[in-house]
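What follows draws every value from the coordinates through simple rules; no lab data is involved. Just so we're clear, the structure is a prediction, and the values are computed from it rather than from any experiment. Don't worry about glycine lacking a Cβ; one is built from the backbone with ideal geometry, like all the others, and counts go over all protein chains shown.
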Amino acid sequence: MVVAVSRRRQEDRTALSDQRMTASAIGLLVDVGIAGTTLAAIGERAGYSRGLATHRFGSKARLLAHVHDTVASDWIRRVQAAVGDRVGVEALEHVVDALCGFIEDEPDELRAMYLLRYASIDPASEYRANVAKVHKAQCRDARRWIEEGQKAGGISPKVNAELAAELFCATADGLLYRWLVNPRLPVAALHRALRREVRRSLSLA
């Protein structure tokens, strides 16, 4: 029993240090960019030794992959909660709602994730596979919602679900990119416009 309790406490401490270092990495990415986000700086900002981040993650590339995957997982949970059992146009509208809610609630997380995503197009990037995996999952979900909407009769069977899903995901990415470049972008108005366009382009006449 004593061993189990000790192990549990160690697991809790490890989870806490991971959370604090992830938050520190996000803060550094937003403040100083990828180049300035070093393992030593992350450890120090989190209140630990300079070497803990290196010990825990091994390399900067693995740490950046961890940050991307952590934020992406948070985003996926938000989308799943927002969509629930909905399908078709209604599901995509709630994805748009979740996106705009994420911008309001966790702007630094989004900035860090998209900074890493866009940097992953560098051929030397060591976490490209992580980004590609999330992109694939997002498009797969959008395609499934569209296909289920077609089966339910709410979306025209003439719609190419694969292309529509790619276009939807690309539009969401583009909106986020333009917001990152220009924080004064009228996100609320664009949110409403994107919702209307999703319904206009996919709903049955």
Compute the long axis of helix 128-152 from its Cα atoms, compare it with the longest principal axis of the Cα atoms of the chain, and write down the angle in degrees, 0 to 90, nearest 10. 30
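How many percent of all Cα-Cα pairs in the chain sit more than 32 Å apart?
On the way: 5810 of 20910 pairs.
Summing the P(r) tail past 32 Å for the chain gives 28 percent.
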With the crude spin-label approximation of a point 7 Å out along Cα→Cβ, what separation in nm comes out for Glu162 versus Leu180? 2.8
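Give me the net charge of Ala65's neighbourhood, meaning all other residues with Cβ under 12 Å from the Cβ of Ala65; Lys, Arg count +1, Asp, Glu -1. List each step's numbers first, then the result.
Details: positive: Lys60, Arg62, Arg117, Arg128, Lys133; negative: Asp69, Glu126.
Around Ala65, the charge tally is +3.
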Quick one: order Ser203, Ser125 by neighbouring beta-carbon count within 10 Å, fewest to most. Ser203, Ser125
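With a 10 Å Cβ neighbour count serving as the proxy for reagent exposure, in which order, fewest first, do Ile34, Ile121 appear?
Details: Ile34 16, Ile121 9.
The order, fewest Cβ neighbours first, is Ile121, Ile34.
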Kindly provide the helix-only [θ] at 222 nm of the chain, computed as the sum of -39,500 (n - 2.57) over DSSP H runs of four or more divided by all residues, to the nearest 500 deg cm²/dmol? -27500 deg cm²/dmol
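Using the Cβ atoms and a cut-off under 15 Å, what net charge is assigned to the surroundings of Tyr177, where Lys and Arg are +1 and Asp and Glu are -1? If you can, show how the numbers build up before the last one.
On the way: positive: Arg111, Arg117, Arg178, Arg184; negative: Asp173.
Taking every Cβ under 15 Å from that of Tyr177, the sum is +3.
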Just to check I understand the Karplus step: with θ = phi - 60° and J = 6.51 cos²θ - 1.76 cosθ + 1.60, what whole-Hz values come out for the stretch 51-60, glycine and proline as x? x, 5, 4, 5, 4, 6, 10, x, 8, 5
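Can you sort Phe57, Phe168 by how many other beta carbons sit within 10 Å, fewest first?
Details: Phe57 20, Phe168 24.
Ranking Phe57, Phe168 by Cβ neighbours within 10 Å, fewest first, gives Phe57, Phe168.
Using 0.36 nm times the number of residues separating Ile76 and Glu104, minus their current alpha carbon distance, what extension gain do you get? Let's see the in-between values first.
On the way: separation 28, 0.36 × 28 = 10.08 nm, distance 1.61 nm.
The Ile76-Glu104 span can extend by a further 8.5 nm.
Note down the relative contact order for the chain as a percent, whole number, built from C-alpha pairs under 8 angstrom at least six residues apart. Can you show the working numbers first?
Numbers: 174 pairs, mean separation 39.6, N = 205.
Reported as a whole number, the value is 19 percent.
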Have a look at His191, Ala61, Pro157 and report the one farthest towards the positive end of the charge dipole of the chain, computed about the Cα centre with Cβ charges (Lys/Arg +1, Asp/Glu -1). Ala61
